[in-house]
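This report refers to the structure that appears directly beneath it.
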Amino acid sequence: MAVTSGDAPEVLVRFDQVFKSFRTTRGRRQVALDGFSMSVPRGAVIGLLGPNGSGKTTALKALLGLVRPDRGTITAFGRELPADQRFVARRMGALIEGPAFTASLTGEHNLRLLGELHGAERSEVADVLDMVGLDAAARRRSYSGYSLGMKQRLGVAGALLSRPDLLVLDEPMNGLDPEAVRHMRELLKRLRDEHGKTVVISSHILAEVELVSDWITIVRNGRVICDASIPELLSQGTSRLVVRVHDAVTARSVLADHGYAAVPADGPAGAELQVESPPRTDRTGPCGSAASSAGPGTADGAEVLRLLTDRAVYPRELIVESASLEDIYVAAVRAADAAVAGQEPRHDD
Ligand SMILES: Nc1ncnc2c1ncn2[C@@H]1O[C@H](COP(=O)(O)OP(=O)(O)OP(=O)(O)O)[C@@H](O)[C@H]1O
Ligand SMILES: [Mg+2]
């Protein structure tokens with residue numbers, strides 16, 4: 001049975017407080033997942049974003065049953081893992097740490113061999129090749145002659161052969177040139193929009209996932225620090241308010257009386273103030289209170305204008321600049337780093 005909650009999107013996969021550590025060859029304990037919790041809404045493209053070593057691959061492997069968590073629960077398609085791994089495995093297709101195909105065979109031949117494992121017909125091999133947009137030449141040419149982008153797309157085709165509802169792709173854009181990244185992005189959107197797939201992709205580069213993901217999960221040190229739709233994330237970001245005035249001294253004093261910090265900025269058109277409202281501690285968003293408390297709150301443009309004009313300071317210009325996803329990402333990561341600073345080291349050395 002699917003997991004649902006009110007009008008919220010159906011959750012296909014849920015990680016709840018998953019812990020996993022490895023024993024390294026030098027006998028140390030390396031924490032990979034440290035209370036990892038995330039949800040995957042059905043029908044979305046989810047970008048699992050985090051720096052190298054943050055635990056992305058380990059989390060995806062845990063979902064696929066390739067790594068066994070020490071603690072915590074993972075549910076997928078309403079079933080608990082690892083108990084129902086076989087049930088879940090039939091509904092997932094994956095590409096983890098690059099595709100493994102035979103160099104001397106064509107892409108089509110490679111897929112036919114893989115298809116035998118899933119009982120896929122020849123026509124289904126042709127279908128998945130079409131889905132990923134590999135043209136006839138690519139079918140004739142042996143795998144060793146493929147570009148990296150073609151190899152990745154063939155890997156996705158292989159993951160589609162089991163007719164999965166959920167595609168799990170670990171760094172599918174790694175090493176691709178901008179054109180191939182665009183192809184991959186279009187492919188993932190097509191799989192979502194035309195074939196109803198849910199797709200989880202991991203990356204350590206925000207720009208790679210930003211344009212394709214509906215939902216972003218940011219992982220840092222084995223822990224999820226943000227798990228939200230892109231609109232939710234953007235609504236949490238603080239915007240920058242810039243006011244251009246003739247009398248900056250009076251403007252600063254008026255704003256200071258009402259708790260706003262107005263920092264002089266060297267604007268092109270004379271006295272320019274960047275206005276920040278006091279930090280808000282009551283706000284929680286999808287990045288917890290972390291990202292919002294990392295910086296000042298959003299200055300309310302209408303209120304700032306009213307305060308100034310009430311005291312006969314008439315701004316020449318008032319500009320609201322919204323925070324970008326990158327600003328929000330950086331704020332969330334900084335806040336998470338600040339929170340862990342001073343905590344126990346993550347391994348035994
Ligand atoms: N089999 C293993 N043995 C020992 N340590 C491991 C093993 N697998 C992962 N780790 C460690 O666990 C942590 C998380 O690794 P993981 O591969 O999940 O990160 P990642 O986010 O996928 O990184 P990357 O962006 O480099 O792929 C790292 O410190 C890594 O060295
Ligand atoms: Mg990885």
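The values are calculated or read from the model by the stated rules, or taken from the named source; none is laboratory data. Quick caveat, the model's predicted, so the values are computed rather than measured. Note that each Cβ is placed from the backbone with ideal geometry, even for glycine, and that neighbours are counted across all protein chains shown. For the accessible areas, the whole protein counts, side chains as well, though only heavy atoms, and no ligand, DNA or RNA atoms are used. Shrake-Rupley method; radii C 1.70, N 1.55, O 1.52, S 1.80 Å.
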Quiz prompt | Residues (outside any strand (DSSP E or B) and within 13 Å of ligand 2 (Cβ to nearest atom)) located in the stretch 33-54 | solution = GLY50, PRO51, ASN52, GLY53, SER54
Self-check item: Those residues of the stretch 254-285 which are out of contact with any strand residue (DSSP E or B) (no Cβ under 6 Å at 6 or more places or on another chain), surrounded by 15 or more Cβ atoms within 10 Å (Cβ to Cβ) and modelled with pLDDT of 65 or more, in sequence order
Solution: VAL254, ALA271
Quiz item: Here are some residues: SER202, SER213, SER162. Which one is surrounded by 15 or more Cβ atoms within 10 Å (Cβ to Cβ) and within 16 Å of ligand 2 (Cβ to nearest atom)?
Solution: SER202
Practice problem: Would you mind stating whether LYS151 is open to solvent by less than 70 Å² (accessible area, probe 1.4 Å), of a type in the set (D, E, K, R) and more than 19 Å from the chain's Cα centre (by Cα)? | Solution: yes
Quiz prompt | Yes/no for ARG90 being among the basic types (Lys, Arg) and touching a residue at least 60 places away in the same chain (Cβ under 8 Å) | solution = yes
Quiz prompt | Qualifying positions in the stretch 222-253 - at pLDDT 85 or above and hydroxyl-bearing (Ser, Thr, Tyr) | solution = SER229, THR250, SER253
Practice problem: Could you please give the count of residues in the stretch 77-99 that are out of contact with any Asp or Glu (no Cβ under 8 Å at 6 or more places or on another chain), open to solvent by less than 40 Å² (accessible area, probe 1.4 Å) and within 15 Å of PHE15 (Cα to Cα)? | Solution: 4
Self-check item: Options GLY65, GLY72: the member that is open to solvent by less than 50 Å² (accessible area, probe 1.4 Å), within 16 Å of ligand 1 (Cβ to nearest atom), free of Cβ contacts under 8 Å to residues at least 40 places away in the same chain and within 26 Å of the chain's Cα centre (by Cα)
Solution: GLY65
Practice problem: Filter the stretch 95-109 for residues that are acidic (Asp, Glu) and in contact with a Lys or Arg (Cβ under 7 Å, 6 or more places away or on another chain) and give the result. | Solution: GLU108
Exercise. Can you confirm whether the stretch 133-148 contains a residue that is under 14 Å from GLY93 (Cβ atoms), under 31 Å from the mean Cα position of the chain (by Cα) and either open to solvent by less than 70 Å² (accessible area, probe 1.4 Å) or in contact (Cβ under 8 Å) with a residue 24 or more places away in the chain (or both)?
Key: no
Quiz prompt | Qualifying positions in the stretch 55-75 - charged (D, E, K, R) and within 13 Å of ligand 2 (Cβ to nearest atom) | solution = LYS56, LYS61
Self-check item: Candidate set: the stretch 216-233, residues that are more than 16 Å from ligand 2 (Cβ to nearest atom) and not in a strand (DSSP E or B); chosen: the one surrounded by the fewest Cβ atoms within 10 Å (Cβ to Cβ)
Solution: PRO231
Quiz item: Which of the following residues is in contact with a Cys (Cβ under 8 Å, 6 or more places away or on another chain) and either assigned by TED's automatic domain parsing to the domain that holds THR57 or more than 16 Å from ligand 1 (Cβ to nearest atom) (or both): THR198, THR217?
Solution: THR217
Quiz item: When you go through (1) within 12 Å of ligand 1 (Cβ to nearest atom); (2) more than 18 Å from the chain's Cα centre (by Cα); (3) surrounded by 15 or more Cβ atoms within 10 Å (Cβ to Cβ) one by one for THR24, which number turns out not to apply?
Solution: (3)
Practice problem: Filter the stretch 100-132 down to residues that are surrounded by fewer than 15 Cβ atoms within 10 Å (Cβ to Cβ), of a type outside the set (Ser, Thr, Tyr) and in a loop (DSSP other than H, G, I, E, B), then give me how many there are. | Solution: 4
Practice problem: With the condition kept exactly as written, say whether any residue in the stretch 96-107 is outside the structural domain of GLY222 (by TED's automatic domain parsing), within 16 Å of ligand 1 (Cβ to nearest atom) and touching a strand residue (DSSP E or B) at 6+ places or on another chain (Cβ under 8 Å). | Solution: yes
